[in-house]
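Before any comments, here is the structure.
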Amino acid sequence: NAGVTQTPKFRVLKTGQSMTLLCAQDMNHEYMYWYRQDPGMGLRLIHYSVGEGTTAKGEVPDGYNVSRLKKQNFLLGLESAAPSQTSVYFCASRASTADNEQFFGPGTRLTVL
Amino acid sequence: GEDVEQSLFLSVREGDSSVINCTYTDSSSTYLYWYKQEPGAGLQLLTYIFSNMDMKQDQRLTVLLNKKDKHLSLRIADTQTGDSAIYFCADGGGSNYKLTFGKGTLLTVNP
């Protein structure tokens, strides 16, 4: 199993550009999450999904959109990137609430100039 | 919203015990977690404790939970340089399907 993979690993954008971050998991997990990690702020939940075709807002959803068209993929979109979105983005997945482990991807480092 | 607080830094000598503390506010929390993040990597689950327990031991790790005070601690015995990392406390809340993370404690182990 590859576990949770994220594409790309690094990206530099200019203000106003758009991009999509891809998260993929091969563990047949129901739940998937997108977090951002900023210095001194810990991890903050952006959006999450409790199953294929469903999405929900987390703590800091503004400026981001997500889609979960296939169970194994969870996409995070930035329609018009802003410097405040410079961060490290982590995807995570989890089998169910009965399973207590969230598996994290390696992260995507995004810089918006 | 619910909050999780932890100190930002801890420095210990190799071979000593490390104790990382955490407080949380959600009185309905079912599970509480400790995650470890090594430089340049994602988070890995270290251990977790159910809210009706007050202690859990797993090899060098001991988790203590004081539910009345909403205080959680992680003790690492015989701390090694490989334990240097950021440690995150996380609260599963009442539903346990999304976690609230603390800001993380950077543990530095000095030889």
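Readers should treat all values here as calculations from the given coordinates under stated rules, not as data from a laboratory. The structure displayed is predicted, hence computed values, not measured ones. All Cβ positions, glycine included, derive from the backbone under ideal geometry; neighbour counts span all protein chains shown.
Using θ = phi - 60° and the Karplus curve 6.51 cos²θ - 1.76 cosθ + 1.60, what whole-Hz ³J(HN,Hα) does each residue of the stretch A:25-32 get, with Gly and Pro shown as x?
9, 10, 10, 6, 6, 7, 9, 9
Kindly state, to the nearest 0.05, the FRET efficiency for residue B:55 paired with residue A:19, given R0 = 35 Å and r defined as their beta-carbon distance.
On the way: r = 46 Å, r/R0 = 1.31.
FRET efficiency, residue B:55 to residue A:19: 0.15.
Over chain A, what is the relative contact order in percent, taking alpha-carbon pairs closer than 8 angstrom and at least six residues apart?
35 percent
Taking H placed 1.01 Å from N in the peptide plane, check which residues at least 5 places from residue A:3 or on another chain put their amide H under 5 Å from its amide H.
A:26
At a Cα cut-off below 24 Å, give the lysines reachable from residue B:70, other chains included and same-chain residues fewer than 8 away excluded.
Once the sequence-local lysines are set aside, what remains near residue B:70 is B:36, B:56, B:98, B:103.
Let me have the relative contact order for chain B, percent, based on Cα pairs under 8 Å that are six or more residues apart. Don't skip to the answer; put the middle values down first.
Details: 283 pairs, mean separation 42.6, N = 111.
Relative contact order for chain B comes out at 38 percent.
Pull out a ≥ b ≥ c, the square roots of the eigenvalues of the alpha-carbon gyration tensor of chain B, then state rounded if a/c is under 1.5, prolate if not and a/b is larger than b/c, and oblate in the remaining case. Could you put the intermediate results ahead of the total?
Values: a/c = 1.98, a/b = 1.59, b/c = 1.25.
It is prolate, given that a/c is not under 1.5 and a/b is the larger ratio.
Of the trypsin sites (Lys or Arg not before Pro) in the stretch A:57-113, which ones lie in a loop per DSSP and count no more than 16 other C-beta atoms within 10 Å?
A:70, A:71
Which of the listed residues, B:35, B:6, B:57, is farthest toward the dipole's positive end in the stretch B:1-88, when Lys, Arg count +1 and Asp, Glu count -1 at the beta-carbon?
Farthest along the dipole direction, towards plus: B:57.
Considering only B:50, B:88, B:101, give the residue with the highest GNM mean-square fluctuation for chain B, with springs between Cα atoms whenever their separation is below 10 Å.
Highest fluctuation of the listed residues: B:50.
Could you give the length gained on full extension between residue A:12 and residue A:111, defined as 0.36 nm per residue of separation minus the Cα-Cα distance, in nm? Provide the component values of the computation, followed by the final result.
Details: separation 99, 0.36 × 99 = 35.64 nm, distance 0.48 nm.
The residue A:12-residue A:111 span can extend by a further 35.2 nm.
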